[in-house]
Amino acid sequence: MPEASPIDTDDWLAAIGQYAAILTYADGQLMVVRTNRAFAETFPSSTPKDGKGKKATGEWSKKILQLIASKRDRGSFEMGRDGPLGSEHFICMIGRLPSQEDGVEQYLFTALDCTRERSVEKSLRRELLSDGLTALPNRAGFSEEIEDRIGHSTWPENAQFGIIAIDLSRFSRVNESLGPMAGDELLITVAKRFKSCLRQGDVLARIGGNDFAIFARLNNGLSDALHIVERINDALSAPIRLSGLHIRVDCAVGCAISANLEEDPDDVIRKAQAAVKIAKASGKVEIYRNGVLKEAQRRFTLESKLREALAHGGLTLAFQPLIHLQTGEITGFEALARWHDPELGHVSPVEFIAVAEESGLIAPLGRWATYEATQALSRWDAKFGEPLPVGVNVNLSPIHMARDDVASMFEEALRYSGIAGNRLTAEITESAIVADPDKARKLLVALKDLQMSVAMDDFGTGYSNLASLHSLPIDILKIDRSFVFSMLEDRDKTVIVRTILSLAESLGLHVTAEGIETQELALELQRMGCWQGQGYYFAKPMNEMDAFDYWRARWNFETV
């Protein structure tokens, strides 16, 4: 078979489908000595003519010189440049070839046009970093815009920036009543109005469903931020026309100001969001205070750990006795949730119940407490050999009542435990009734059908309508401890307690006094005709076993 003749270098270059060239390096000079046609058309200023080498120029040549200086045999880099139709991008590769006879180093350079791919990536990135509805930056895009402003702008000494977080009020109501199209139209209109509030260099973003945020350069500290807030309120002062209706949009506003330009923008955003959460409750513009973010972070930690505790049996019930003040008899116990976390230690019920209500965990927490309380009664009965003449009170959160089928929950708890309904009392608050009287009435009627008792907890601290109180199937009023605790020293509180007792007698209701901590208080309430009491004077909340022993020890009934 005849030997193949050597292939000319130009033929090799022509066969390469990329931009290709042979370069030499000697005496610090990088020269282009051979190219294919694609290279000649794309890099004409560096293409040799008449077979003579030409000095390599441009950004690509500088990067090749850096690779040569590194003594590596091969390398790659990406290069961008301005072309006649816009930005162009190339992936470039350089590889060492055998040196010439005179020792001159040779290199093969190839480049691949990736302009189209980079253009697609840029478009996708723009979509990822922007809100499709308002075309504003989204949460991720907002952070990038802030970093760009901080890193590529001239700032005076001791400069600061601020984040203004805005939460649109009643937005969900617009969605529910007028539909999502109207909700989208509202967001677009609001975004346009907010844009009119911006100064040069400010950045507006939509960082959530109905949440907006503004990055503001603050030359005069807080006063600049408050000026922008004033313009925001002015922008929303005129009603917005939606579906033939004129709707007024209110908002909650929270501000956070950076300590300096080195502060992490994401931290400042979180601080502003913590402030706006407080603003939603206060109805006023809120400025972030030190410690608020730490509180918010603790709430998130508590939520996560509470979720684990509910899933893995990390909670317990404590039982505080209810004492008949005229006879000293233990009539029942109030079941109280307790939580001791291995890392956090003892967590106050006031704290973790608030977190449960905020996070939606209140329903599983309430169900757990109800089932556990009825099972405790069942275990006491089994230990005693017959049903104990005591019942258990279970607290109901207003949010639990609104979100769960509470009547079904109690029916299941009673059925699973085999406990009679007349041994279970549901404690509800005045606010739960005021929030939705019709729903509350239906629930209370359903509980009465289960033979359960109903107690109104913390009576006197809310806004009960006496007419509705008379018509609702309520059995017991519990006087809040804030009236009982110091009533011997405060004549006004004594009058309030006496009035509640008189009201209850007129309505045919029993009364339980909370917060009895001294014998003097117990005797005074006994003299006033109060039916039942609880407090540290009798006993602190105790575990299930101790509660049973406490009842058995007082079974013969003691006097107060």
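The values are calculated or read from the model by the stated rules, or taken from the named source; none is laboratory data. Please read these numbers as outputs of a predicted model, since none were measured by experiment. Neighbour counts are summed over all protein chains in view; Cβ atoms, including those assigned to glycine, are modelled from backbone coordinates with ideal geometry.
Of all residues being in a loop (DSSP other than H, G, I, E, B) and under 35 Å from the mean Cα position of the chain (by Cα) in region 375-402, which is surrounded by the most Cβ atoms within 10 Å (Cβ to Cβ)? Just the residue, please. It would help to see each step written out before you state the result.
First, the residues of region 375-402 that are in a loop (DSSP other than H, G, I, E, B): 385-390, 396-397.
Remaining after also requiring under 35 Å from the mean Cα position of the chain (by Cα): 396-397.
Details: LEU396: 25, SER397: 22.
So, considering only residues that are in a loop (DSSP other than H, G, I, E, B) and under 35 Å from the mean Cα position of the chain (by Cα), the one surrounded by the most Cβ atoms within 10 Å (Cβ to Cβ) is LEU396.
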Assigned to a strand (DSSP E or B) and in the same structural domain as ILE323 (by TED's automatic domain parsing): which single residue out of THR494, THR499, THR512 fits that description?
THR512
Taking only region 403-452 into account, find how many residues are under 18 Å from TRP368 (Cβ atoms), in a helix (DSSP H, G or I) and at pLDDT below 90.
1
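With the requirement that a residue be buried (at least 16 other Cβ atoms within 10 Å of the Cβ), outside any strand (DSSP E or B) and in contact with a Ser or Thr (Cβ under 9 Å, 6 or more places away or on another chain), what does region 529-547 give you? If you could, list the steps in order and put the result at the bottom.
Taking region 529-547 as the starting set, the residues that turn out to be buried (at least 16 other Cβ atoms within 10 Å of the Cβ) are 530-535, 537-539, 541-542, 544, 547.
When the remaining residues are screened for being outside any strand (DSSP E or B), the result is 530-531, 534-535, 537-539, 541, 544, 547.
Matches in region 529-547: CYS530, TRP531, GLN534, GLY535, TYR537, GLU544.
Among the listed residues THR134, THR115, THR110, which satisfies the condition of being under 30 Å from VAL268 (Cβ atoms), touching a strand residue (DSSP E or B) at 6+ places or on another chain (Cβ under 9 Å) and among the hydroxyl-bearing types (Ser, Thr, Tyr)? Give the derivation first.
Numbers: THR115 fails: under 30 Å from VAL268 (Cβ atoms); THR110 fails: under 30 Å from VAL268 (Cβ atoms).
Of THR134, THR115, THR110, the one residue that is under 30 Å from VAL268 (Cβ atoms), touching a strand residue (DSSP E or B) at 6+ places or on another chain (Cβ under 9 Å) and among the hydroxyl-bearing types (Ser, Thr, Tyr) is THR134.
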ALA135 fails exactly one of the following numbered conditions: (1) under 23 Å from ALA272 (Cα atoms); (2) aliphatic (A, V, I, L, M); (3) not in a loop (DSSP other than H, G, I, E, B). What is the number of that condition?
(3)
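Here's the yes/no breakdown for (1) crowded, with 17+ Cβ neighbours inside 10 Å; (2) out of contact with any Gly (no Cβ under 6 Å at 6 or more places or on another chain); (3) in contact (Cβ under 8 Å) with a residue 40 or more places away in the chain:
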| site | (1), (2), (3) |
| --- | --- |
| ARG338 | no, yes, yes |
| GLU343 | no, yes, no |
| GLY360 | no, yes, yes |
| THR370 | yes, yes, yes |
| ALA373 | yes, yes, yes |
Can you tell me which of ILE399, ILE419, ILE362 is touching a helix residue (DSSP H, G or I) at 6+ places or on another chain (Cβ under 7 Å) and over 17 Å from LEU310 (Cβ atoms)?
ILE419
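Take TYR550 and tell me if it is under 21 Å from VAL390 (Cα atoms), buried (at least 16 other Cβ atoms within 10 Å of the Cβ) and not hydrophobic (A, V, I, L, M, F, W, C). First the steps, then the outcome.
Values: under 21 Å from VAL390 (Cα atoms): yes; buried (at least 16 other Cβ atoms within 10 Å of the Cβ): yes; not hydrophobic (A, V, I, L, M, F, W, C): yes.
In short, yes.
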